[in-house]
Structure formats: C-alpha cells, structure tokens
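Beneath this line is the structure, given in structure tokens, with notes to follow.
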Amino acid sequence: EAFLAAFQARIDAEEKIEPNDPMPEGYRRTLIRQIGQHAHSEIVGMLPEGNWITRAPSLRRKAALLAKVQDEGGHGLYLYSAAETLGVSREQMTEELLAGKAKYSSIFNYPTLTWADIGAIGWLVDGAAIMNQIPLCRCSYGPYARAMIRVCKEESFHQRQGYEIMMTLAQGTPGQKEMAQDALNRWWWPSLMMFGPHDSDSQHGDQSMRWKIKRFTNDELRQKFVDATVPQGEYLGLTFPDPELKWNDERGAYDFGAIDWDEFWRVVKGGGPMNRERLAARRKAWDDGAWVREAALAHAEKRRARREATKLAAE
Amino acid sequence: EAFLAAFQARIDAEEKIEPNDPMPEGYRRTLIRQIGQHAHSEIVGMLPEGNWITRAPSLRRKAALLAKVQDEGGHGLYLYSAAETLGVSREQMTEELLAGKAKYSSIFNYPTLTWADIGAIGWLVDGAAIMNQIPLCRCSYGPYARAMIRVCKEESFHQRQGYEIMMTLAQGTPGQKEMAQDALNRWWWPSLMMFGPHDSDSQHGDQSMRWKIKRFTNDELRQKFVDATVPQGEYLGLTFPDPELKWNDERGAYDFGAIDWDEFWRVVKGGGPMNRERLAARRKAWDDGAWVREAALAHAEKRRARREATKLAAE
Amino acid sequence: MGAAATIDRDTLLTLLLRLADDHLVLGHRLSEWCGHAPMLEEDLAMPNMALDLIGQARALYTYAADVEGKGRTEDDLAYLRLEREYLNCLLVERPNGDFAQTMLRQLYFAAFMEPFWKAAASSTDATVAGIAAKAVKEVAYHIRHAGEWVVRLGDGTEESRRRMEDAIEELAPYLDEIFEDDPVTVQASAAGIAPQPSSLRPAFDRIIGPIFAEAGLTFITPPYSQRGGRKGMHGEAMGFLLADLQHIQRTYPGATW
Amino acid sequence: MGAAATIDRDTLLTLLLRLADDHLVLGHRLSEWCGHAPMLEEDLAMPNMALDLIGQARALYTYAADVEGKGRTEDDLAYLRLEREYLNCLLVERPNGDFAQTMLRQLYFAAFMEPFWKAAASSTDATVAGIAAKAVKEVAYHIRHAGEWVVRLGDGTEESRRRMEDAIEELAPYLDEIFEDDPVTVQASAAGIAPQPSSLRPAFDRIIGPIFAEAGLTFITPPYSQRGGRKGMHGEAMGFLLADLQHIQRTYPGATW
C-alpha cells in the first residue's frame, strides 16, 4: 500500500520510471501488453504495405515505400527492446503473437486493394497512430517514452508522405481520383476504430490514465483525429463516407456518425478480412526462417568455442 | 540367328509386331528408349507452354492453349501405355526422367519469352515433331504405330493453330510483327536441331531403319521440314535467321546454313537455358504430389479391404 | 423463378459479370497447376475443368457485352477492367494452396453451380438457358472428379486427412458469400432469369453431405464469414492474379490476338 | 580506362540501361522478402539494400533518359519497356529461392559491383563518377552483410551448409555472364567511362575467396554457363516479375503518381 502510494506520487510528480525502479506488477503487465501490441502492430503492419512494394507505380514511390516499411521494422525493434527492459524477451512476445494470444492493431486486418490504399494508410492510419502516440512521448515509463519520440518523428513523415500520395491522386486523372475516394471510403471508419471502444466501454482506460501510461481517453483522441483530418480531406476534394459528419460550432468540433462496433469487435476477435492471412504470413516467415536462426546460433557458438580454444592454447 | 532372321523377315513383310510377339532384346530396348523419350517430351513440353496460360492475351487463345497442353498430357499417357506393353512401368520411366537418366526433346530446354513463342512452338516445334511422327504411324511396333496415329492427328491441329497465331501477329501491329520475327529468330535453329545429328554422326540410325522403327534418316526429315516450312514463313512476311537459306533449283530443295552442333550437344548434355529448371519443376511436382499418390493408394487399399470384409460377412 | 417481372439492363449485366468473373478466375487458378499436378491424370483433369470454366466465362462475357451494348467484347470485359470492377466471389480467387484445397474449392463451387445451372436451364432468358444447358453437364463431371478426390484424401492417409481438414478450415469463411441474396439476385429471380443463391443451399448440402460422410470429414461452420467479392472488394492475392492475366492486353493496347 | 576515345550515344545508353536494369531487378527481388524475412533484423537489412539498389537505378535511369534525349523519364525507362528490352544480367532476376540463395546472389552481385564502382569513380563521365562515388560505400555494406551470412550459413548447421552448397550450385551458371566483355563494354572502357567486366574478376575473387574460406565453402565452376540477359533474353520468371512491376503504369497510361 505504502509502496503503491509512493509509486503513484512519483508518477504524479511526472518522474520517469526506469527499468530497475520498483513498480507495481499491474503497471509492468499493462506496459508489457501495450508495448508488445504496439511492436506487433509495426511488424504486422509491414504486410499490407509490403503488398504494394513490387507494384508501386513509380520509382520514387517505390523507394519511399521501401523506406517506410523499413522504418516500421525499426519501430518494431525499438519497441521490442523497450518491452525487454520489463523482463520479457522478444522471442516470448513473438511466440505469443504467432499463437494468436497477443493482439496487434486491428486496422492491419483490412487488405490493401489499390495503390491509393498506400496513400490512405499513410494519411489516416499513420495519422491516427500519431494522435495516439504523441502523448506516449510523455508516458511515465522512460524507455517507452523515449522510443516513442523517435517513432513519432518518423510517423509524422510517413503521414505527410501518405497525404501527398492522396493529393497526387486527387489531382490526377478521373480514375486516380476515384481510386483515392474509394480508399477513403474503405479506410475512414476502420481508422476511427483504431482509437478503441468508447470510454464508457474501455477496460484498461482509468488505471492507465492514473499511471500516466495514457494521457487522453479514446474518445478524446478520436475527436482530435477527426478534427485534424476532416479539413485535410476537404482540401483534397474528397468526401468522407459519413453523412452525419459536420462541423458543430457550439462544440468547436466535428460531429460524426455512429461507429459500427459490431464490425470493430468482429475484426478484433479474428473475423476481419485478413486476420487469418496476416498471422499465417508471420508464422510462415517465422517457420521458414527457423533454420536461418538456428544456423546463426550454431555459428556463434562455434566461433565462441574456437576463441576459447585459441585462448587456452595460448595460455 | 534363325530367330533374328525370321524377325527381320516379318519386319520386311511389313507385319506389325505386337506386345506378346517374340522380339530381339535390342528391338525392345530401342523402342522402350524411344517411346519413353517421346512420352517424356510430351510431359516436359507442357512446361514452356504452360508458362503462358495465365497470360494468354485473349480468352480464345487461352482456351486453345489449355486444350493443347491437355492434349500433350494425353499424348504422354498413350505413349507411356505403349511403352508399358514392352514391360517397363510408367513409374520406372518417370523415375529415370527425374533422375536425369532419360532424355526428352532438347527443344523444351529453351524458354518461352513472349506470346509469339507459343505461336512459334506450334508452327515450328509441332511442325518438326509431325515430320518425325508421320512415318512413325507406320512403325513396325503396333502399339506405338497406333498411338502415333492419334497423336499425329492432334499435332497437326496444334501446328495449324500455331501458324494461325503467327499469322495474326505478322498481320498485327508493328510491335506484334516484331514479336513474331523475334520468335522465329530464336526458334528456327533449335527446330532444325530437333531432327538430331547428321546421318553421318547418328548412333542409332541404321539398325532402327532396318527394324522399320525409323523410315527416314535425320537429314531427310530435316530437309522435308525446311522445304515445307520456308514457304510458310515467307507467306507470313517473316525472315528466316539464315543468310544461306535459298532455293536450289537443281536439288529441288532449299539449301540452308550449317547447324551449330556445339549448341546442340551443349543443350543435350544439360547446358541449355532451361534444363535445370525443367527437371526441377517436374521433380517438385512429383515430390509435392507424393502425399496425394500415397493417399490414393491407401484409399484404394481401404476400399478393397472393406469390400473383402463385406463379402466375407455375407458368406 | 417463374414470375415474369422484368429486369433492368444494369442488373442483368451485373448478374452476368458476377458469373463470368467467377468462372474466369476459378479457371485461372486451376490453370496455374498446369504441368505441376501430382500425377499425369490430374495434369489432364485440371486443364479439362479449367477449359470448361473458361468456355462458360466466354459465353457469359459475350452475352454481357451484348447486354451492355457499348461495343465491348468478351476480352474487353475479361481483361480490361480494374480490380475493383471484378465481381467474382472470394472463394474462387483463393490461392490454390495444396491439392486438397484446390479440389475442395472445386467441389464447393461445382456443388453450388450444379443446382444453379439446373434452375437456370429453364430461365426466361433464352441465352442464359442455353449456357446453363451446356454447363450443367460439365459441372456434374467437376463434382464427380473433385468429390472423388475429397473422399480419397479424407479417407486416405493420416497426412491427406489432416490436409483435407486444413482445407475445410481454410475455405470455410468464404462459403456463405456464394449463397448471399441481394437486390441483383432478387430481381433476377423475380424475372425468372436465375435462381436466388440462398435457395440453392439445400441442394448444395445434399451434394456435399454424402461426400463428406464417405470421406469421414466434418463440415464446419466458421465463426466469421468473409464477403466483399460481389462489390469488387477482393483479397490481396487478386491483384497479382490480374497483373498476370492482363499483362499482355495492357502492354499492347488495341491489338488483335 | 584512361584513354579518351569517344563513346557514341547508343552505346552509352546501352551501358547505362544494363546497369540500371541490374539494380532495379535485384532491388525488386530483394523487396519481395519484405515482411517475410527469417528475423526482424533482416526485415530491416533487406529493404535497406533494396533501397540502395533502387536509388542507384533511379540515378542511372535518369542519366540514361538524359543521354537518350527523347524526353523519356526514369519511370518510362523502368516501367514501360518490353521484356526483350530489359538488359539486366540473368543473375539478378533469379528467383529468391531460400535465404541462402538470396544472400549468395547479393554477395556475388555486390562483389562484382564494388570493384566496378571503384573503377567508375574515376570515370571520364562526371555523372557516372558521381553515381559511383555514392554507390561504392553502399555496396561495401552489401558485401559485409551478405558475406557475414554466407559465413554463418556455410559454417552453421548441417542444414544451412547444405542449403549454401545448393545455392552455390544453383547460381553457378549465371556468374560468367556478368564478367563478359562485348563491344559496348570495350567502347565504354576505351572511352574511360566504365571498366571492362572481365577486368573485375580478380577483385571479385579476392572478395569471395576469403569469405568462402571462412565459411568452409568451395567455389564451383559449372559445366555450362548461361548468358542472354544483356541481349534481353531472360528466364521464364522475368515475365512475371515485369507483370507485377508494370501493372499500374500499364493500367493507367500517362498518369502521374
């Protein structure tokens, strides 16, 4: 009790918690779950975008997409490292992902059907991710907060790139504009779902707020995202697939329609169009790569043994 | 000795030899080798054409190509059956093919690079095959002769289809015409090589002629093919890649340039562009399909056992 | 069917394109096996079925082009639409997987099309009736051939049984979509042109039931179904299929082949 | 290099396209691994190398377009030629195979390009010299990275060793082609623009030798070599690669992306 109170006092004083500091088991578990999910999302998120690398429509776009997917792998690496400071190994986390026990962002369970989806993912999905992540740069857990600073910088670059793809399409041929509109139609609602259930239905919200792992509620962040994004879409001359979307002068914010929570839960629970395939792709990569990882270990062991032998011989 | 003379007398009298007839071991071995090679050629020959089925440029052509490749599988079946009458199993022949011990027509070790290659294969490769095969319809070994009658009918349909593809291209856009010319350039010499070495260098020629397995020499057939094909190519407005090709009034036949026998032997011995890949593809199909064949056997065995059990119970 | 309400041109066109795309795409998938089948007999049987499917697709596209009345040809419709305009169900575009999955997919589609064509044989639309009369015989062979394999593999070795079970699980989410009614099928059915997909489920079950029983396999109802194909929302494998299918047509616009 | 004979425009264009196509196609192949690598570090390393290659391809196509002087762009050259017009060597278009084959292919290409770029850094052509100066640093990393894997896999487990040996055999026929001189390279070398490929073999061997020695692997000389890429005669996998690469550009002619 005294420990919990002292811990909360550190949090309230905006002190950063560091790996070797004592921390409540719930705090540790919450962070491991959240950082792990976040890392998995980066990894699984490589797949829908990777789907378009070989078909990117110009060399410039191909290079940018390669760089982006590489950045996502990098984010996965920092985040796994941040989680490892809490006493869980990357291997453990990977196994949980592959066993279907750990979650990742549900948005990646939708397929990328056209090139415009690459634009929409950058603009909307990375845009929503940034809304979630900027406050995480001030998260109470030091390693996570520091990882997020780097991640956020790159994400906002990706977001601008995505918007620029949408802009090019929206200003392009009628076919390109249609492609952009279609992508917005398909990605808009899933992007809003990225912020999670309404605050009234959210499981982990309150305690995370007290521990300053989270700093805003799901609904607050969702509203911020809508308010930031709608003018961008209007500037592109695209229409949001929500007849109820309109500016509310009184609230100083956009009103928007009801989210289809049935769809949300269906996708979270495994019923999205790509859930099976995303996990299958990750499992296949992991299984097909087993011999490579084993060989790397075996080689490292041989080297070590040889070094030892040389040292012994020299003595 | 007396047996050999009697056998030769039957051959000379144009009697057909049938499976249960006594025959010299050399006759049997020659036929097994030749029919086996012929069957393997049909099977391996499905690969270069199969390469274009998913990319055929119109539905009509796609259907025709599917039908053609299916016919080739069918020819493989009859020919394996004909060889089986000589006491060798299809499985045995397949294993020899996959082990790289049995030959197949070297022409299939060239890749199909453009759609025009499908036309060129039909026109030239099937055309050359027919030249070889028509006399085989009168081969002294009955089952082989009868198989060849059916094969020849279908092959000549394929040959006309191939020529029609070339015609369409030759009368098409400049790009299509170029594609047709390029295909002729690449397939002409390998087609001439299909008739095998010059008579002076041919190993099996004389004895096969005496046994009426063969009825014309390699060079005779090659000349027939050139004489039949050159006017067809000229009608298309295409140019043969042989500056020495010209009509010889005296011989009443076309003269043509020297064949690159180094290339011929290189491809025969495994050095063609596709030798490795053709065998690898066949091996992969065979290995990947092992569980299917095993299951079919196991199921047949289960059915048989169940039938037996029912019969016993009924007694 | 029976009532003689009318159908508008766009609805009929949509109906025909859905059917044509189903057949084209499944034919494409089957043809990918060409030369790579587990045994020579299957190197004959699979192109044979693919040929039936491509033939049916041709008849359907030709009629669709006719109905559309814009001077497009079967090839324009088959080759020159955008991915989002292809209306095939998701089942037919699923990657081949192994031979078990390919045969099960084939059986499912054929067991749906057989009652479909039987009903469509008495379509008020003479062209549809004509296509159906021919197709119904072909599809009976597909059921027999694929069904025999499902039995052999289900009741074969331990491995083949595991693979069949995996295939059942893999394809389960894509089955409900083919039986889905919507305004297009409602109108087509009211006009006596083609049956409501949902009405074919009992016949489908009567085909699949005995085959699964003989194979010792259990039909599963998946927790979630996938839909979207009829609205042009495909899986990620579809774009690569179309890249191959369309490559030459796109590379040489306007050429005749 | 050194002498200052001149080079004609078509020859220079051919030289540049060969190089550009090599880099584009190898970058394409590497990028196919994206999200499917054996470990996360390789999901970073492979796109990283692909990015270097695509970057070099862009510089080379841009310069080639400039030399051609017909108003074509880097994308026109990269996306809108026919298969028979791509001039890459066969090595780079070989399918990825397993990770051993991918890393060996990468090592071979990098061990060829490293001395190439070193020599080209003092090219009489300032643009080529500029591209080379940047590329030479990048390619050194490719050698290090791929070389380390060849050592680890060659001297790892029994399985990894077998796979490396298979990769060596698989790629052996495609190695001689990259060292082949022809009138294009002769002229380029005489004009001091780029080295003769054959002249780079000793440097290549000096790179590969120690790596293979450390890995305990034996370099093999195959009975036959394959050539043709420099004349646009590719393997059967190339057409499928191009179908993917070109699909969007071909589908939306004239659009800006």
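The values are calculated or read from the model by the stated rules, or taken from the named source; none is laboratory data. What you see is a predicted model; the values in this text were computed from it and never measured. Neighbour counts are summed over all protein chains in view; Cβ atoms, including those assigned to glycine, are modelled from backbone coordinates with ideal geometry. For accessibility, only protein heavy atoms count, side chains too; no ligands or nucleic acids. Shrake-Rupley method; radii C 1.70, N 1.55, O 1.52, S 1.80 Å.
Computed on chain D, with alpha-carbon pairs under 8 angstrom and 6+ residues apart, the relative contact order is 27 percent. Taking 19 Å as the straight-line reach from the Cα of B:Lys311, the lysines in range (excluding those fewer than 8 positions away in the same chain) are B:Lys302. Label point of B:Lys246 (7 Å along Cα→beta-carbon): distances to the other copies' equivalent points are 8.8 nm, sorted ascending. Long hydrophobic helices in chain D: the complete DSSP H runs spanning 27 Å or more by Cα along their own axis with mean Kyte-Doolittle hydropathy of at least -1.0 are D:9-31, D:40-68, D:99-120, D:126-154. Shape summary: the protein assembly as shown maps onto an equivalent ellipsoid whose semi-axes, from the alpha-carbon gyration tensor, are 53, 39, 31 Å in decreasing order. The alpha-carbon positions of the range C:145-217 define a convex hull whose volume is 83 Å³ per residue.
Using C-alpha pairs below 8 Å separated by at least 6 residues, the relative contact order for the range C:114-244 is 30 percent.
In nanometers and ordered shortest first, the copy-to-copy spacing of the C:Asp8 label point, defined 7 Å from Cα toward Cβ, is 6.4. The figure for A:Trp291 is an accessible area of roughly 20 square angstrom, using a 1.4 Å probe on the protein chains alone.
What is the local net charge at C:Gly254, summed over the other residues whose Cβ is closer than 12 Å to its Cβ (Lys, Arg +1; Asp, Glu -1)? Summing Lys/Arg as +1 and Asp/Glu as -1 gives -1. Comparing the range A:1-105 with the 2.2 N^0.38 Å rule of thumb, its C-alpha radius of gyration ratio is 1.38 (two decimals). Rolling a 1.4 Å probe over the protein chains gives A:Arg10 an accessible area of about 60 Å². Under a 5 Å amide H cut-off, with hydrogens placed 1.01 Å from N, A:His198 pairs with nothing among residues at least 5 apart or on other chains. Averaging Cα coordinates gives a centre for the range A:127-162 and one for the range B:194-270; these two points are 72 Å apart. Along the axis of the charge dipole computed for the protein assembly as shown (Cβ charges of +1 for Lys and Arg, -1 for Asp and Glu, origin at the Cα centre), the listed residues C:Ile7, B:Ser202, C:Ala65 are led at the positive end by B:Ser202.
The GluC sites (Glu not before Pro) of the range C:11-83 include none that DSSP puts in a loop with a beta carbon having at most 13 other beta carbons within 10 Å. Annotation: chain A has a Kirkwood hydrodynamic radius of 21.3 angstrom, from the mean reciprocal C-alpha pair distance.
Using just its DSSP H runs of length 4 or more, each adding -39500 (n - 2.57), chain B gives a mean residue ellipticity at 222 nm of -21000 deg cm²/dmol after division by all residues. Normalising by residue count, the range D:33-144 has a Cα convex hull of 115 Å³ per residue.
In a DSSP loop and with at most 13 other Cβ atoms within 10 Å, the trypsin sites (Lys or Arg not before Pro) in the range A:215-279 are A:Arg251. Sparsely packed loop sites in the range C:8-113 (the trypsin sites (Lys or Arg not before Pro) outside DSSP H, G, I, E and B with at most 12 other Cβ atoms within 10 Å) comprise C:Lys70. Seen against the Cα atoms of chain A and their longest principal axis, helix A:218-236 is set at about 60 degrees.
Between copies, B:Leu297 shows label-point distances of 3.7 nm, shortest first, with the point placed 7 angstrom from Cα along Cα to C-beta. All Cα-Cα separations within the range C:27-81 were binned at 10 Å from zero, giving a P(r) of 25, 38, 24, 12, 2, each value a whole percent of the pairs.
Once both labels are positioned 7 Å from their Cα atoms along Cα-to-Cβ, the gap between A:Asn20 and A:Glu164 label points is 4.4 nm. Building the convex hull from the alpha-carbon atoms of the range D:9-251 and averaging its projection over directions returns 12.5 nm². A probe of 1.4 angstrom, applied to the heavy atoms of all protein chains, finds C:Ser198 with accessible area near 50 square angstrom.
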